[in-house]
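Chemist: Here it is, the structure, as C-alpha cells.
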Amino acid sequence: MSEGTEPQNGAEARPGPDWDAKYAAAQGGLFGEGPNAWLVMCLARPGVAPRSALCLADGDGRNGTWLAGRGLAVTAMDLSAEATRRAQARDRAAGARAERLTADLLAWSPAPRAWDLAALICLQGPPELRRRGLEVAATALAPGGWLVLEGFGKGPAGGPGPRAPALRWSVEECLGWLAPEGLELHEALEGTVRLDEGPLHQGPARMTRLLLRRP
C-alpha cells in the first residue's frame with residue numbers, strides 16, 4: 001500500500017495497481033524528496049534513538065532512505081512494485097542500504113522479527129486497512145520501541161487528502177484499536193499542518209499524529 005491520498009475505484013476501494021501507474025508517470029517523488037516532517041521531529045526527541053526501523057507503506061522510499069542514511073537497519077514494504085523499484089533507486093543514489101519488500105499489508109506479517117521503530121506515514125484507506133497497519137506496526141515493536149504515525153485526519157473538507165471521511169484517521173479511533181497492545185502514549189495530536197511534500201501533499205491539511213512506545 002503506497003503512501004498516498006487518493007482512493008481508487010470508489011471511496012472504499014484500496015489503491016492497488018493504479019499506484020504503479022502513478023509512480024511510473026512521476027518525474028520525481030510523488031510525496032517529495034525529503035523525509036516526513038513528523039517522523040523527523042519524533043526522532044529529534046530526547047530518548048528516541050532507534051537502531052532499526054520498519055517502514056510500512058513506504059511508497060517510493062523517502063522515509064526509509066532517510067532512516068537508512070542515519071545508520072538504522074531499515075526494512076521497508078509497499079504494495080506497489082514500481083514504488084519499491086523507485087525506492088531501491090533512491091537508496092542507491094543516497095548510498096543507503098535498506099531491505100525492501102513488495103507485499104500486501106493486509107496479508108503480510110512481521111513475525112517473528114521486531115524493530116526499534118515502526119513508521120506508518122500517510123497510509124490511507126478503509127478502516128480495516130488502517131487498523132491492520134496499526135496492528136502490524138505495534139506487533140513489530142521490540143521492547144522500548146517507538147510507533148510513529150501521521151495520516152490525514154477527519155475534519156472540514158478541502159485541501160489534500162482523501163475526500164471520504166471513512167478513509168481518514170482520528171486519534172480516538174487509533175487509540176481504541178491500539179488499546180490491547182498496552183503501548184505508552186507520548187503524543188496524540190490533531191490539527192492543521194501546511195504540507196510541502198511533492199505534488200500530492202501541498203497546502204493546509206488536517207492531520208493526525210501519534211507517537212507511542214512499547215514498555
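The values are calculated or read from the model by the stated rules, or taken from the named source; none is laboratory data. These numbers come from a predicted model, not from an experiment. We place every Cβ from the backbone using ideal geometry, glycine too, and count neighbours over all the protein chains shown.
Chemist: Only one residue in 24, 83, 13 is part of a loop (DSSP other than H, G, I, E, B), small (Gly, Ala, Ser) and modelled with pLDDT under 95. Which one?
Modeler: Going through 24, 83, 13 in turn, just one is part of a loop (DSSP other than H, G, I, E, B), small (Gly, Ala, Ser) and modelled with pLDDT under 95: 13.
Chemist: While we're looking at this one, here's another question. Taking interchain pairs and intrachain pairs at least six residues apart, which have beta carbon atoms under 9 angstrom, with the first residue in segment 33-47 and touching a residue at least 40 places away in the same chain (Cβ under 8 Å) and the second aromatic (Phe, Trp, Tyr) and part of a helix (DSSP H, G or I)?
Modeler: If the second residue must be aromatic (Phe, Trp, Tyr) and part of a helix (DSSP H, G or I), the pairs left are 34/66; 36/66; 39/66.
Chemist: Please verify whether residue 130 is touching a residue at least 12 places away in the same chain (Cβ under 8 Å), crowded, with 22+ Cβ neighbours inside 10 Å and over 14 Å from residue 54 (Cα atoms), treating the condition exactly as stated.
Modeler: Taking the combined requirement at face value, the residue satisfies it.
Chemist: Identify, from the list 125, 155, the residue that is within 23 Å of residue 62 (Cα to Cα), of a type outside the set (Asp, Glu) and assigned to a loop (DSSP other than H, G, I, E, B).
Modeler: One residue alone meets the criteria, 125.
Chemist: Also: Kindly indicate which of 119, 114 is surrounded by 23 or more Cβ atoms within 10 Å (Cβ to Cβ) and under 24 Å from residue 144 (Cβ atoms).
Modeler: 119
Chemist: Could you count how many residues in segment 154-174 are without any contact (Cβ under 8 Å) to a residue 24 or more places away in the chain and in contact with a strand residue (DSSP E or B) (Cβ under 7 Å, 6 or more places away or on another chain)?
Modeler: 0
Chemist: Still on this structure, please answer the following. Got at least one residue in segment 196-203 being of a type in the set (S, T, N, Q), within 13 Å of residue 134 (Cβ to Cβ) and surrounded by fewer than 20 Cβ atoms within 10 Å (Cβ to Cβ)?
Modeler: Checked segment 196-203: no residue is of a type in the set (S, T, N, Q), within 13 Å of residue 134 (Cβ to Cβ) and surrounded by fewer than 20 Cβ atoms within 10 Å (Cβ to Cβ).
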